[in-house]
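The structure appears below as structure tokens.
The values are calculated or read from the model by the stated rules, or taken from the named source; none is laboratory data. All of these numbers come straight from a predicted model, not from anything done at the bench. Please note: Cβ atoms are built from the backbone with ideal geometry, for glycine as well, and neighbour counts cover all protein chains shown.
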Protein chains: 2
Amino acid sequence: MANSVSGDSVVDRVVRVIAAFPEGVSVLQLSELADRAQLPLTTAHRLVRQLAQHGLLETSAGGSVRLGLRLWELVNRNSPTLALRQAAMPFMEDIQHVLNQNVNLAVLDGWEALFVERLSRRGSVANRAQIAGRLAVHVSSAGLALMSFQPRSVQAAYLEQFTDPAGKVTPEDLRALLTEAAHQGYAQLAGVIDPDTWGIAVPVLDGKKRAVAALGVVVPLREVRLQALVPALQTAARGIARRLGDSSTSASFHSSESL
Amino acid sequence: MANSVSGDSVVDRVVRVIAAFPEGVSVLQLSELADRAQLPLTTAHRLVRQLAQHGLLETSAGGSVRLGLRLWELVNRNSPTLALRQAAMPFMEDIQHVLNQNVNLAVLDGWEALFVERLSRRGSVANRAQIAGRLAVHVSSAGLALMSFQPRSVQAAYLEQFTDPAGKVTPEDLRALLTEAAHQGYAQLAGVIDPDTWGIAVPVLDGKKRAVAALGVVVPLREVRLQALVPALQTAARGIARRLGDSSTSASFHSSESL
């Protein structure tokens, strides 16, 4: 494997190019891509050309670069989240239908909740085309629901390294939140993006009572009725877990342990 | 760039590894992955290890390999289909709601319709978690709707190379189908997967009357009511086109011309 003078391999550089697009930015000029990938312009240009030949990137005459339709296809036809999303979607539609709320599905990846599916309440302008967002565990009900049903060793490692960039939440606060969520079987938290909304999430548990996913809703504060929302979410989560248990791929979502 | 003895670059080999997973197969044993990627086992092993370090692949103790959650995230948070899908989703929900039919959205990629979004009729067991399928132009109403609104040069190139593997459709048949679809403003065709269903698709047109996408439904034969379906689809397609026109990224879906 050829290494550059700085010691990184071609594979490293390919990954840096693909990862250079910030969330929500689908087009970059080549020079900006090179900057973000920390590559010399000539190297970036050569890599982009090679990746574009295979359709993993697409280039336009003006020098702009975007991720390619072929890459999107390769990843989505064999999506690592497919089994989970297929198991969850009918139950998410039920929640959307019965509660008329935004519904989301997340997995734990590192110390963050990665949202792998989303359904918007009917009539909402937002729609589910945009997925793959992340929220830190301590600022999302999904993250808390996921973390509160992890093995003790994972929780300990998480709390050990935790510092709140906003300086508001202490590890002790967080430990109490996790204990409460584990005890109640759900997590709730004020909305991060919109403080007038409230997130409520329940874990989807495997046979060992570990959370393989979190199913959640985001609800306007005035509509929070825990006695209605939580049992509906928990019922749906059990349905998802049962369908996942029938498939052989459920083990792939014990993600935090394999990181 | 380091080339192997066979002349392919590291980038080529990375692409072969990522592309080695056949549609619907999310897990491969390393040896099978090496076979499919046409790489020596040691090369495959090294590449997989490197890609796994970056989260683009995930490996398990048993030697199985799958696409990584990180790759899924990178591609989906900046999906090349995002602008189109965001523009289309509310209208697809309308069709699903009003007609209670499976709705799909496709773009032309090479000589195939690539399905980038799907909504299942309510109560249907199938769900939309699985996307990124392909159908040849001549066997899908979406493909015909897309091709019938391409520039003449693209249509000519398509018909020039066309041969039907099944030996049923001649280039002349196909030319007639395309002319008819262009004249009528929609395409219809018996279902490929289920012959008791019928596909009906209309083009989403840009300012030059070129199809940037196709919006379609798959309908049980007994429920085909063209006088109801086609105007609803055409109305929705106009709405999608208008929303796409408002965004600056619509030009990216003139895919067949940029290939």
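Listing for the model above:
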read-out: Matching entry among B:Val154, B:Val98, B:Val103, B:Val107 (being in the same structural domain as B:Gly199 (by TED's automatic domain parsing), of a type in the set (Val, Ile, Thr) and touching a Phe, Trp or Tyr at 6+ places or on another chain (Cβ under 8 Å)); value: B:Val107
read-out: All positions within the range B:72-91 that are over 20 Å from A:Arg70 (Cβ atoms) and either within 9 Å of another protein chain (Cβ to nearest Cβ) or among the β-branched types (Val, Ile, Thr) (or both); value: B:Gln86, B:Ala87, B:Ala88, B:Met89, B:Pro90
read-out: Strands (runs of 3 or more DSSP E) fully within the range B:1-71 counting 1 or more residues that are more than 7 Å from chain A (Cβ to nearest Cβ) and of a type in the set (Phe, Trp, Tyr); value: none
read-out: Matching residues, the range A:162-176, being outside any loop (DSSP other than H, G, I, E, B) and either under 21 Å from the mean Cα position of the chain (by Cα) or among the polar types (S, T, N, Q) (or both); value: A:Leu174
read-out: Number of the exception - B:Val107 against (1) outside any strand (DSSP E or B); (2) buried (at least 24 other Cβ atoms within 10 Å of the Cβ); (3) not polar (S, T, N, Q); value: (1)
read-out: Scan of the range B:113-157 for residues that are polar (S, T, N, Q), within 14 Å of the chain's Cα centre (by Cα) and either buried (at least 23 other Cβ atoms within 10 Å of the Cβ) or modelled with pLDDT of 85 or more (or both), ordered by number; value: B:Ser140, B:Ser141
read-out: Some residue of the range B:34-53 being under 22 Å from A:Ser26 (Cα atoms) and of a type in the set (Val, Ile, Thr); value: no
